[in-house]
Amino acid sequence: MDSKRMRRAMACMIVIFLAVFAVIAIMNFDTVKQKLGLAEETPVQEEEPEQEEQVNEGQIGNNLSGFLTDETFFDQEVKFKSIESYSGRNVSLMMSSVAKDLRIMVVDSVGRLVTGADFTVTIQDVGEYTDNDKDGVIYVDGLRSGEYSVFLNEKDGFRVPNTITTIQVRQDIEYRVIDNIEYLMLTEDDIDPAKEDKAVNGAEEAADGTENMELQFDNGSAKLGIDVSKWNQEIDWEAVKEAGIEFAIIRCGYRGASTGALVIDPRYKENIEGAIEAGIPVGVYFFTQARDEVEAVEEASMVIRLIEEYDVDYPVFLDSESTGGRGRADGLSRDDRTQAHRAFLQTIEAAGYETGVYASRNWLNDELDMTRLSDYRVWLAEYAQTPTYDEYYHMWQYTSKGTVDGISTNVDLNLCYMNIDTSINHAKGAAGYSGVVNGDSGNVPTGD
């Protein structure tokens, strides 16, 4: 029995071996034929002389630059003039509109205005406009309402994208913060301050010699404060607080009397932060040279951008003064000046801030129609023992020759007749003002 089983096992192994061999032979049939000499000989082709590689248009494969010669690879439809170079500074457009106007700004890749070049833009169906003063801004007014497409024309040394920018121009003015207003805000390093910062203090010119130059602490419920700008130099705000000052109105900026540039007061940041850190409630003021509503909205937009990160308890005031007849806005009519002021005040109010006008007695009487500004606070500048201004006012600047510990220069002194709840953030439009009788003058500042 054992020998029979052994034979059967050996037979199975032989069968399995033969089967495996057959499978391998079938899989390599062509090779087996060649080994046994049974395959037909394939004629050997003679090698052709080596030729330079021919690059066909649109070739795909080893020629990685073939797509450059493929006319179908790129979009051939160009709606506007394409300005493309492979060197130079990247630039693009940013735009804003207030009403029937268009402000076009040329900016670089990090968002800075590009100055020193006379860029030209094309407004589709309108025309071409050039930045002749090379300040990076092109202003177009007198447009109809509607959507406008704008693109930048070719300029040597700059890389301009083959794109268009569209913007909606409105028929009526909107009293809201202008987008990208920060691109119009300059420092004094960018301008000539001697030509631009030229406000003339009308109250000083009209002073009658009876003004009180001392700190007035005993005036009932009135609060004692100061207003400051770069002219007051470096200020020790802790010493100011210890001297008894209860509030400070800080100049945040001005519009240039000559060029109309929007300029940040160089000491604004250190002043507002120093006052707040010392525990002194603050407001701000801006010296205007706006010639129309659009420029007034620009000024208000700048102010809002400058104060939005701070708690501002006192109002935002528009400083309305002359520049001695040399300023760009000195020749405005009473009506046009009042209209521009209203645009500023309405924009500030729409952003949730309390607001008002600062001016001398004569300026309030002669240069502004105060019946149209009666909804706003009035900060009177009149240097006399007793004010003679016949209308309501909420703050009184009674001298420009005050002295306060912590300030090395003379400083303006003020009395405020508004009850300010400094525990509330008035920068967000909270209420907290009420009028009180000014016992000295007999005028009653209006309240809420």
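The values are calculated or read from the model by the stated rules, or taken from the named source; none is laboratory data. In this text the structure is predicted, and so the values were computed from the model without any measurement. Positions of Cβ are backbone-derived with ideal geometry, glycine not excepted, and every protein chain shown enters the neighbour counts. The protein model used for the area step is the full one, side chains on, heavy atoms only, and it has no ligands, DNA or RNA in it. Shrake-Rupley method; radii C 1.70, N 1.55, O 1.52, S 1.80 Å.
Points to keep in mind about this one:
- When both bridge partners sit in region 240-375, DSSP labels roughly 20% of those beta bridges antiparallel.
- Karplus (6.51, -1.76, 1.60) ³J(HN,Hα), θ = phi - 60°, over region 210-215, in Hz, Gly and Pro reported as x: 9, 5, 8, 9, 9, 5
- The spacing between region 207-280 and region 285-361, judged by their C-alpha centroids, is 18 Å.
- Simple label model, 7 Å out from Cα along Cβ direction - residue 409 to residue 141, nm: 3.2
- Note on residue 322: accessible area is roughly 30 Å² with a 1.4 Å probe, heavy atoms of protein only.
- Inter-label distance for residue 239 and residue 162, nm, one decimal - labels placed 7 Å from Cα along Cα-to-Cβ: 6.5
- The HN-Hα couplings worked out from phi for region 383-396 by the Karplus form 6.51 cos²θ - 1.76 cosθ + 1.60 (θ = phi - 60°) are 9, 8, 4, 9, x, 10, 5, 8, 9, 6, 8, 10, 9, 10 Hz, whole numbers, x standing for Gly and Pro.
- The order of 227, 366, 125, 292 by accessible area, most exposed first and with a 1.4 Å probe, is 125, 366, 292, 227.
- Projected label points at residue 134 and residue 231, each 7 Å from Cα along the beta carbon direction, are separated by 3.4 nanometres.
- Region 353-419: GluC sites (Glu not before Pro) in DSSP loop, at most 11 other beta carbons within 10 Å: none
- Exposure of residue 16 as accessible area (Å², to 10), given a probe of 1.4 Å and all protein chains: 110
- Residue ranking by accessible heavy-atom surface, 1.4 Å probe, largest first, among 174, 188 comes out as 174, 188.
- Zone of residue 206's modelled label, taken as backbone nitrogen in region 381-406 under 18 Å from a point 7 Å along Cα→Cβ: 381-401
- Linear extension gain, residue 118 paired with residue 390, 0.36 nm per residue minus alpha-carbon span: 92.7 nm
- Rounded if a/c under 1.5, otherwise prolate or oblate - region 115-244, Cα gyration tensor axes: prolate
- Prolate/oblate/rounded label for region 348-414 (Cα gyration tensor, a/c 1.5): oblate
- Three-way shape label, region 131-203, alpha-carbon gyration tensor, a/c 1.5: oblate
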